[in-house]
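Down below is the structure, laid out as structure tokens.
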Amino acid sequence: MLGIEKTVEKLNGTREAEILTAMVNAYSNVTEQQKIWYEKSEFVCPDGCGECCRNFEPDLLECEALFMAAWLMENQPEVAEGVSQGVFPFPREKACQFWKEDAEYHCSIYGGRPSICRLFGACGNHGKNGETVFKPCRFYPAEKLAEYKVPLIHKQYSQTETLEIFGILPPVMSDLMEGTVSINPDSTETRLIRDILPETIKKLRWIIGMNSQK
């Protein structure tokens, strides 16, 4: 269950357990669709890049914050404790406070990352006519694009071009994001990680404590 099995079990019978289970399904769907794209297209991000995350801090839906909190509590309990007190492992003023400069892949909570971080680099979009279009990430090195089996550049490729080049259409970001938003349609407000995560960890701990007393 993507590393949150024990936490979901402790929340059994609660609304939060239902949301977390739905998030596992949504994230698993993202992984499955991206796997097909990667295997067929043979187009992946350069190893150890992380440039798209360097100066970016995601804002989270409630369901994403619940998943991130549950993942931290189960996989990095000491970090979760610090975050619950507002202390993040790699504090930065205007960027993600889980981004680690000297780590190979930079994200220190990769298994708990939110939707947008799972979609970077491996998704297309709907063009004006509704067709699927694809544009390589702006951080993708130009020299690496040129080495692809069909040399690429930083431009948007039409649906026809994408099919001709890659032999497959990528999953569409807005479609996959809709799968996350629909989990809790009554809570569509988003907040930065630094603002929503501390209180979410405290909330989950409280609910687990109350649930254990039943």
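Spherically averaged projected area of the convex hull of Cα atoms, segment 61-104: 3.7 nm².
With viscosity set to 0.890 mPa s at 25 °C, what whole-number translational diffusion coefficient in µm²/s follows for the chain from Stokes-Einstein and a Kirkwood radius over Cα pairs? All intermediate terms of the calculation are to be shown ahead of the outcome.
Details: Rh = 18.5 Å.
In µm²/s, the coefficient is 132.
Taken over segment 106-214, the percentage of Cα pairs per 5 Å bin, counting from 0 up to the bin with the maximum distance, is 2, 9, 13, 17, 16, 13, 10, 7, 6, 4, 3, 1, 0. In order along segment 77-82, the Karplus-derived 3J(HN,Hα) couplings, from 6.51 cos²θ - 1.76 cosθ + 1.60 at θ = phi - 60°, round to x, 5, 5, 4, 4, x Hz, and Gly and Pro are given as x. Converting phi to 3J(HN,Hα) with the Karplus coefficients 6.51, -1.76 and 1.60 and the offset θ = phi - 60°, segment 32-48 yields 5, 5, 5, 4, 4, 4, 4, 5, 7, 7, 6, 10, 10, 5, x, 4, x Hz in sequence order, with x at every glycine or proline.
Please report the relative contact order for segment 1-71, taking Cα pairs under 8 Å with a sequence separation of at least 6, and give it as a percent rounded to a whole number. Once divided by the residue count of segment 1-71, the mean separation gives 49 percent. Between L192 and L60, the built amide H atoms are under 5 Å apart, and every one of these is 5 or more places off in sequence or on another chain.
In whole angstrom, how far apart do the alpha carbon centroids of segment 57-77 and segment 116-185 sit? Their Cα centres are 26 Å away from one another. Normalised by the number of residues in the chain, the mean separation of alpha-carbon contacts (under 8 Å, six or more apart) gives a relative contact order of 31 percent. Bridgeable lysines around K35 (alpha carbons under 30 Å apart, same-chain partners fewer than 8 residues away excluded): K6, K100, K128, K135, K144, K149, K155.
Legend: calculated FRET efficiency, R92 to F139, from the Cβ-Cβ distance at R0 = 22 Å, rounded to 0.05, equals 0.75. Taken one residue at a time, the phi angles of segment 198-214 give Karplus couplings (6.51, -1.76, 1.60, θ = phi - 60°) of x, 5, 5, 4, 4, 4, 4, 4, 5, 5, 4, x, 5, 5, 6, 8, 6 Hz. Gly and Pro are set to x. Annotation: amide H of C107 within the under-5 Å range of K100, sequence separation 5 or more or interchain, hydrogens built in the peptide plane. Cα-based values for segment 1-94, radius of gyration first and Dmax second, are 15.8, 45 Å.
The numbers here are math on the coordinates, done by the rules we state, and not lab data. Bear in mind that the values here come from a model prediction, so they are computed numbers and not experimental data. Every residue, glycine among them, receives a Cβ derived from its backbone with ideal geometry; neighbour counts consider all protein chains shown.
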